[in-house]
Amino acid sequence: MEQIQPSITDKRNYGLDALKILSMIYVVILHALGMGGVVFASKGGNHLLIMILFFWCSCAVNIFALTTGYVSYTDRPKKLNRERIFSLWFQVVFYGLIIVSVFFCVLPDRVTVNDLYSAVLPLFSFEYWYYSAYFVVYLLSPFINMAVRSLPEITLRKTVVVVVLVFSFFSLFANNLGIVQPFSFTWVFVLYFLGASIKKCGLFEKLSNIKLICGIVICTLISFGWYIWVKEISFVNSNWDNYLLSKYISPTMLTMAVCYLILFKRIKFGEGFKKILRFLSPCVFASYLINTHPVVYLFMYDLFVPFTKLNILLTILCIVVYAVLFVICACLIDKVRMLLFKLVRLDKLAGLLGVLSGKIVEAIGKRL
């Protein structure tokens, strides 16, 4: 998940900074519920409330990718920041090596040679699927932006409708055709394009905040209703996936992400909150890198099952508080990482590699 930087020509939107942080909190909650074992250990009415929370948070990745496309699009062309590619890769490798080293010292049986390989070459190992997918989208972002910029608004609006129908509605119910998979470059590409298109056309601006909030609630309940219908009620087609509408490509998850985007970009914060957002926002990607690292992810297996023995409201509160604290701690850790990178001048190295790669690409382009 790319760290969103406001464009030079645009004012910083602190609402979108807050949304980026919220999406990471949702990711941590989802992993606690799923891999942490809460979903499968909870029973009866408690399970139903846990599943509502699960579907409420399932749009997290869509929020992040959609917001990235929205923020990255500008009316005027701008050069690809190649330094960003290398600095992000350094960050991913740093956390991969640190996590593998810590677990090797504390729980050596949890670490394999493959974990070390994945830490050094995360892009090729697909250790972080979103990072791998976004790497390609980032390289293509100037061309995506150029396409969005060049299309007449009426044509772009029609394209958005077709893209949503094909890649969300049709792909979800005909996934055997392999049009797009939830954990894929294609879906991140689609979300980036939609975010950029929403910004250029000012889509959904006429919707009131109440309607946007209702959209989030209704889509959550539709996804939850599908889960209950397929699992408990329906006897027509037992082959349906009861988690179908929690998939990233689900129309409900896409609609929720759009509602969040429009809603949060309107939020205005006081100077106190702006300082907090300026502090946390550049570091929030670290919470994804730490929480989704394969070694950490496996360590979380059934880790949160004891929470299900508490009162359901206390269970939910504990999971939410854990997620918030996790994101805050990850941001603090990343502040230390940023200081270390400055001390060893890795930021300078990223800049040099960015310049060098630009010259190589330019030289190859001239020879074609």
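The values are calculated or read from the model by the stated rules, or taken from the named source; none is laboratory data. Since the structure is predicted, the reported quantities are computational estimates derived from the model, not experimental observations. Neighbour counts run over all protein chains shown; Cβ positions are idealised from the backbone, glycine included. When the accessible area is computed, the model is the full protein with side chains, heavy atoms only, and any ligands, DNA or RNA have been set aside. Shrake-Rupley method; radii C 1.70, N 1.55, O 1.52, S 1.80 Å.
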Quiz prompt | Dipole moment magnitude, nearest 20 debye, the chain about Cα centre, only Lys, Arg, Asp, Glu C-beta charged | solution = 1320 debye
Exercise. Mind checking which of Val324, Leu314, Ala350 is farthest towards the positive end of the stretch 306-361's charge dipole, using Cβ charges of +1 (Lys, Arg) and -1 (Asp, Glu) about the Cα centre?
Key: Ala350
Quiz item: lysines within cross-link reach of Lys211: Cα-Cα under 29 Å, excluding same-chain residues under 8 positions apart?
Solution: Lys11, Lys20, Lys158, Lys199, Lys200, Lys247, Lys265, Lys268, Lys274
Quiz item: Over the stretch 309-368, what per residue volume does the convex hull of the Cα atoms give, in whole Å³?
Solution: 130 Å³
Quiz item: Using unit Cβ charges (K, R positive; D, E negative) and no other charged atoms, how large, in debye to the nearest 20, is the dipole of the stretch 47-168 about its Cα centre?
Solution: 560 debye
Quiz item: Can you list the aspartates and glutamates whose alpha carbon is less than 18 Å from that of Lys43, not counting same-chain residues fewer than 8 positions off?
Solution: Glu232, Asp302
Quiz item: Which sequence of Glu362, Glu83 reflects their accessible areas, 1.4 Å probe, from the largest down?
Solution: Glu362, Glu83
Quiz prompt | Accessible area of Asp17 in the full protein assembly, 1.4 Å probe (Å², nearest 10) | solution = 10 Å²
Quiz item: How are the Cα pair distances of the stretch 1-113 distributed, in percent, across 5 Å bins from 0?
Solution: 2, 9, 13, 13, 16, 14, 13, 10, 6, 3, 1
Quiz item: Using the Kirkwood formula over every pair of different C-alpha atoms, what hydrodynamic radius in Å results for the stretch 217-368?
Solution: 20.5 Å
Exercise. Report in % the part of the accessible area of the chain that belongs to carbon and sulfur, leaving out ligands and nucleic acids; probe 1.4 Å.
Key: 71 percent
Quiz item: Which whole-number value in Å² is the accessible area per residue of the stretch 257-368, probe 1.4 Å?
Solution: 58 Å²
Practice problem: May I ask you to compute the full-extension gain from Lys211 to Arg266, defined as 0.36 nm times their residue separation minus their alpha-carbon distance, rounded to one decimal in nm? | Solution: 18.4 nm
Quiz item: So, with +1 on the Cβ of K and R and -1 on the Cβ of D and E, and no other charges, what is the size of the charge dipole of the stretch 211-368 about its Cα centre, to the nearest 20 debye?
Solution: 880 debye
Quiz item: Most mobile of Cys219, Cys318, Cys59 per a Gaussian network model of the chain (Cα springs, under 10 Å)?
Solution: Cys318
Practice problem: For Lys158 paired with Arg345, estimate the spin-label separation in nm (one decimal), with each label point 7 Å from Cα along the Cα-to-Cβ line. | Solution: 5.6 nm
Exercise. Go ahead and set up a Gaussian network model of the chain, Cα springs under 10 Å, then flag whichever of Leu356, Leu245, Leu303 fluctuates most.
Key: Leu356
Quiz prompt | Accessible area per residue in Å² at 1.4 Å probe, computed on the stretch 1-109 | solution = 41 Å²
